[in-house]
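This report concerns only the one structure given below.
The values are calculated or read from the model by the stated rules, or taken from the named source; none is laboratory data. Computed from a predicted model, the values in this text were never measured in an experiment. We place every Cβ from the backbone using ideal geometry, glycine too, and count neighbours over all the protein chains shown.
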Amino acid sequence: MSTVVNLFCSAGMSTSMFAKKMQEEANSRGLDYVVTAYGLAEVDEKGSEADVIMIGPQARYIVTEVKNKFPDTPVKDIPMQMYGLMQGDKGLDLAIELLESK
């Protein structure tokens, strides 16, 4: 069964590029991960399917609300520098770290 990492941001555009980089990194490491980006409007529906929820830096204001909705799922905002540099490898490392701390 795949590990599901869902990323959310205002519209899902730049976050979809970040999700693609994370997915490519997971594939190169041979990890069974499915990394997908969505807009904030889909948080209620898609958040429940996730093993890890990551929020784009421009939407970090919603982190507490999402944590309250999904108390059993790790939720974290993506650090601005990591996101800006599109460091999918570090994004994947963060997702793995969140899963292990669960």
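Scanning segment 20-27 for any residue that is surrounded by fewer than 20 Cβ atoms within 10 Å (Cβ to Cβ), free of Cβ contacts under 8 Å to residues at least 40 places away in the same chain and under 22 Å from Lys102 (Cβ atoms) turns up nothing. Thr15 fulfils the conditions (1) at pLDDT 95 or above; (2) closer than 21 Å to Gln87 by Cβ; (3) of a type in the set (Val, Ile, Thr) except for a single criterion, (1). Looking at Thr15, Thr36, Thr64, just one residue is touching a helix residue (DSSP H, G or I) at 6+ places or on another chain (Cβ under 7 Å) and of a type in the set (S, T, N, Q), and that residue is Thr36. Exactly one residue out of Lys76, Lys46, Lys67 is in contact with a Phe, Trp or Tyr (Cβ under 6 Å, 6 or more places away or on another chain), charged (D, E, K, R) and either at pLDDT below 95 or over 16 Å from Met17 (Cβ atoms) (or both): that is Lys46. Scanning segment 50-93 for residues that are hydrophobic (A, V, I, L, M, F, W, C), surrounded by fewer than 20 Cβ atoms within 10 Å (Cβ to Cβ) and more than 19 Å from Leu40 (Cβ to Cβ) gives Met82, Leu85, Met86. A count restricted to segment 49-64 and to residues that are in contact (Cβ under 8 Å) with a residue 12 or more places away in the chain and more than 13 Å from the chain's Cα centre (by Cα) stands at 2.
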